[in-house]
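The values are calculated or read from the model by the stated rules, or taken from the named source; none is laboratory data. The structure displayed is predicted, hence computed values, not measured ones. Here the Cβ is made from the backbone with ideal geometry for all residues, glycine too, and neighbour counts use every protein chain on show. Remember, those area values only see protein heavy atoms, side chains included, never the ligands or the DNA or RNA. Shrake-Rupley method; radii C 1.70, N 1.55, O 1.52, S 1.80 Å.
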Amino acid sequence: MTRLKLFVDEWPLVDQRMWAAFLVTGNPLDGPGAFSHLRASTIREREVGYGRWLAWLTEADPSALEEPSIERATAGRVTAWMGSLATLAPYTRVMRLNTLISVIGAADPAAELSVLKRIRQVHHAKALGNHGQRKVGRILSSDVLLQAGLDYAGSYADAAKSAFERARRLRDGTLLAFLSLLPIRRRSLLGLELGQSVLVTSAGIKIDLSEAMMKSGVAWEAMVPEPVESLLRRYLSDARPFLINRATTPHDQLWVTDTGRPFSYSYLGRRIPELTEFMTGIRVPPHFFRDAAATTLARESPEAARLIGPLLAHSSFRSAERHYNHARCIEAGAHYGDVVEALRKAN
């Protein structure tokens, strides 16, 4: 049976030693390993990705495993590997190759990677073309997504025949409405925790994302705008307590499943498209809410378009831009909420 990936303890010894060196935290005599500064999730992604490369070599060209790690990645082998991944989405293939390049570059910063990067450019160009096609007809206006959430949590929830179904619909509608006005990334959305990143006071509800919760590594915060604030308070007072009572272990995560457990990455990825298809007839994955926000602001005015970066937490790592974007997050969120609410009421 063809293996999809090899676990670290199945890798050739030279690769196991290389990987261990990547993770060394450092000491006064030796510097830190190339991956020691990365988040655990990122390290795991690269470990799995490199394990997939080794698994393919094991099947397609086992003699390559006897060569040094860096020398295995010839143009011919990498091209053949990419060809074997033809059934995967184009961006997935690019990510697989990115992982291989990052590992080789970490193992030898002086390694010649121009050939591999040219192969990546070819696949990236294909992915860009396909990515645009995937989005055709699926980027709805944010006011449409907001209204879908309000309707689902409102009249549709009120029509439920049981307390459980009412709580479930209130949760799902609140989730849609929340994401329409605060289009944070899926990992950040799942990490929201009461008392930590969700701060509820009589004056308002603030979302406070730490550096560790952000892809950019830059802290981000925003006040939850109306009408989502009122809906979120209703979810917190009615639906969440009902659902959390079904859990075997209590927790403080904001979003809870039908059994009271925290939402998982895969569950959220399935549930959001199901809800949007039910309410609008179009399956909209979580990440497309960010495209919706950018499109909505860009269409509003040039001034509104300038708030796309702060709203979506796009930031370079230059200090000046970091502080500038952080300071404008709340302004961007408030203005975006006003824009979407005005569009919703006009329709």
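Worth pointing out:
- Residues in segment 222-259 that are out of contact with any strand residue (DSSP E or B) (no Cβ under 8 Å at 6 or more places or on another chain) and without any contact (Cβ under 8 Å) to a residue 24 or more places away in the chain: Ser230, Ser237, Pro241, Asn245, Arg246, Thr248, Thr249, Pro250, Thr257, Thr259.
- Hey, Ser141 at pLDDT below 85 and more than 18 Å from Leu85 (Cβ to Cβ) or not: yes
- Among (1) modelled with pLDDT of 90 or more; (2) under 30 Å from Met214 (Cα atoms), the one test that Trp56 misses: (2)
- The condition of being in contact with a helix residue (DSSP H, G or I) (Cβ under 8 Å, 6 or more places away or on another chain) and over 16 Å from Glu47 (Cβ atoms) holds for only one of Thr92, Thr79, that being Thr79.
- Among residues of segment 263-280 being of a type in the set (Phe, Trp, Tyr) and assigned to a helix (DSSP H, G or I), the one that is surrounded by the fewest Cβ atoms within 10 Å (Cβ to Cβ) is Tyr265.
- Failed criterion for Glu10 (all others in (1) out of contact with any helix residue (DSSP H, G or I) (no Cβ under 7 Å at 6 or more places or on another chain); (2) surrounded by 12 or more Cβ atoms within 10 Å (Cβ to Cβ); (3) under 20 Å from Ala106 (Cβ atoms) hold): (3)
- Residue match in segment 24-39 (condition: open to solvent by 60 Å² or more (accessible area, probe 1.4 Å) and either in a helix (DSSP H, G or I) or modelled with pLDDT of 95 or more (or both)): no
- Here is the figure for segment 13-35: residues that are out of contact with any helix residue (DSSP H, G or I) (no Cβ under 7 Å at 6 or more places or on another chain) and among the small types (Gly, Ala, Ser) total 4.
- Scanning segment 244-260 for residues that are of a type in the set (S, T, N, Q) and assigned to a loop (DSSP other than H, G, I, E, B) yields Asn245, Thr248, Thr249, Thr257, Thr259.
- When segment 181-198 is filtered for residues that are surrounded by 15 or more Cβ atoms within 10 Å (Cβ to Cβ) and among the aliphatic types (A, V, I, L, M), the ones remaining, listed by number, are Leu181, Leu182, Ile184, Leu189, Leu190, Leu192, Val198.
- All positions within segment 1-23 that are at pLDDT 90 or above and part of a loop (DSSP other than H, G, I, E, B): Leu6, Phe7, Trp11, Pro12, Leu23
- Within segment 245-262, tally of residues that are open to solvent by less than 30 Å² (accessible area, probe 1.4 Å) and farther than 14 Å from Val198 by Cβ: 3
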